[in-house]
Amino acid sequence: MGPHLLRIFLAWIIFYYIFNLIYHSDLSPKYRIGIYSFLTVISVVINILLAGYGFIFIALAIYFCLWPKRSNNYYLINIILLNFLVKFFAIIIPSPVLMHFYPHPNTTTYEMNLIIVLVEFIFSVAFVYFYNFFKLNNFFQSRRTAMTSILLAYIYIIFYMFLLFMQHFQAYEPLIIGIFFLILLQCLFIIIIFSVTRRRQKKVFQDQFSEEQVKNLKLYTDQLEHDQLKLRHFKHDYKNLLFSLKTVADDKDYQAMISALDKLENYFDDYLNNLSMDLYKDLNNVKNPYLKSLFISKLNKINHYHIRSFFNCSEKLDSVPINIFDLVKLLNQAIDNAILFTKRQEAGKIQLAITKEDRQLAFLINNTVANLPTTEREQDYLDLLNIKNLKKKYPNLFIQYSKNDKWFRFHITLITQGDKK
C-alpha cells in the first residue's frame, strides 16, 4: 500500500509541476505554490477514493480554484485537458519499454514505483520542451471557443475507454484494437475537416477585410492628393494676395487695407476648413492596418454627413489583446450607432479617441445628444453589438456607456495584462 500511495502522490506532483510550466497565468508565485499544493492533496484523495474515474472531479476542482469567475476560460479548460492527456500518455506509451526490461514487474515495491514515476516525469518534461519549441501556447491562448475543448475531451475519453476495454476484455483484444483505430481515423478526419473549414472561413473573412481596407486607403490617398493640389493653388494665390496687400499698404489706403486683410482671412479660413489635416489627425499613430482602415472609413462617413468630428490617438497602436476582427466589428457598429443619432442634429459632434495607460487600452466613442422628442434611444441599439457574448469570450474586455443631457459616451477598455494576485 505504501509504494502505491507514494506513486500516486509523486504522479500528481509531476502533473501540477508540468501544469505550472505550460499554463501562463498572472497569479503570483506564492499564490501558485499554495493553490497547487492544495490541488495536489485534493487530487490524491479523489484518486484514492475513485481511482481513474475521478478525473472529472479533479478537472472541476482545478478550474474553479484557478478561475472562480462565471465567464468561461477556454484557455484554462484546454490546458487542463491537455495535461490529462499528457499524464495518460506518460503512463501508456513508455509501458512497452518497461515491459521489455521488467517482463514481470512487481508493482508493490518502492523501486518499481519510483522507476514508473521517473519515466512519467521524463516523458512529461519532453512534452513541455516540444510544447514550447512549437509555441503551442499561442495556439491554445487564441482558441476562444468550446470546439477545441470538446475535441480534447473527446480524444481523452476515447483513449481512456480503450484502456478500460483492454483491461476488462482481453479476449477481444484484436476487435477492440480495430475499433480503436477506426475511432482514431474518425478523430483525425474530424480534425482535418475542422481545420480546413476554419481556414477557409478565415480566408474569406480576411479577403473581405482586405477589399474594404484597399477601398478605405484609396479614399485616404485620394483625399491627400486633393489636398496637395489645393496646396499648390494656395501657394500661388497667397503670393498674389500678399502682393495686392503690399500695394495697398504702399498707397496708405487703410480702408482698402482692412478690406484686403478680411479677404485674406476669409480665404485662409475657407482653405484650411476644407483640408483633411484635422480629419485625419493622429491617424499615422494607428499602425494596425485593420483599425486604420476602419477609422478612415468612419471619418469619411462622418465628414460626408457634415458632422463635426474629433479623432485623437497620441500613442502608436500596433496590436490589440483580442481578436482583431471581433474588435473591428464592435467598433464598426458602435461608431455607426453614433453616426445614426448624430446626423439628425443640426450641430452634431462625434469624438473618437484611442488611449493607452499602464495595462489598459481604451477606445472612446462620444456623440452629442439631440434635444428632440423621440421614441428611439441609443441604448436600444447596443444589442447589435453582441456585448454579452463578447464579454464571455474575452474576460479582459470591459464595456461601459453613459448618457447625460449633452453626450452619449461609449467606452471599450481592454486589459493587456491581468493584475497579479
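Bear in mind these aren't lab numbers, they're just calculated from the coordinates by the rules spelled out. Since the structure is predicted, the reported quantities are computational estimates derived from the model, not experimental observations. Neighbour counts run over all protein chains shown; Cβ positions are idealised from the backbone, glycine included.
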### Message
Just to be sure I understand the model, the point goes 7 Å from the Cα along the line to the Cβ. What's the resulting H104 to K343 distance in nm?
### Response
8.8 nm
### Task
Kindly state, to the nearest 0.05, the FRET efficiency for K218 paired with I150, given R0 = 41 Å and r defined as their beta-carbon distance.
0.45
## Note on the structure
Zone reached by a paramagnetic label modelled 7 Å from Y17 Cα along Cα→Cβ, restricted to segment 105-119 with backbone N below 12 Å, covers 117-119
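Excluding A51 itself, what net charge comes from residues whose Cβ is under 15 Å from its Cβ, given Lys and Arg +1 and Asp and Glu -1?
Numbers: positive: R7, K87; negative: none.
My count for the surroundings of A51 gives +2.
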### Message
At a 10 angstrom cut-off on C-beta neighbours, averaged per residue, how do the peptides 396-408, 75-87 rank from highest to lowest?
### Response
75-87, 396-408
## Note on the structure
Surpassing 22 Å at the alpha-carbon level, of the pairs K349/K403; K281/K406; K202/K393, are K281/K406
### Task
For segment 93-186, just say rounded, prolate or oblate: build the C-alpha gyration tensor, square-root its eigenvalues into a ≥ b ≥ c, call rounded for a/c under 1.5, and beyond that prolate if a/b exceeds b/c, oblate if not.
oblate
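Where does segment 1-66 land on Rg/Rh, using Cα atoms and the Kirkwood Rh? Working shown, then result.
Numbers: Rg = 12.1 Å, Rh = 12.4 Å.
Computed over Cα atoms, the ratio is 0.98.
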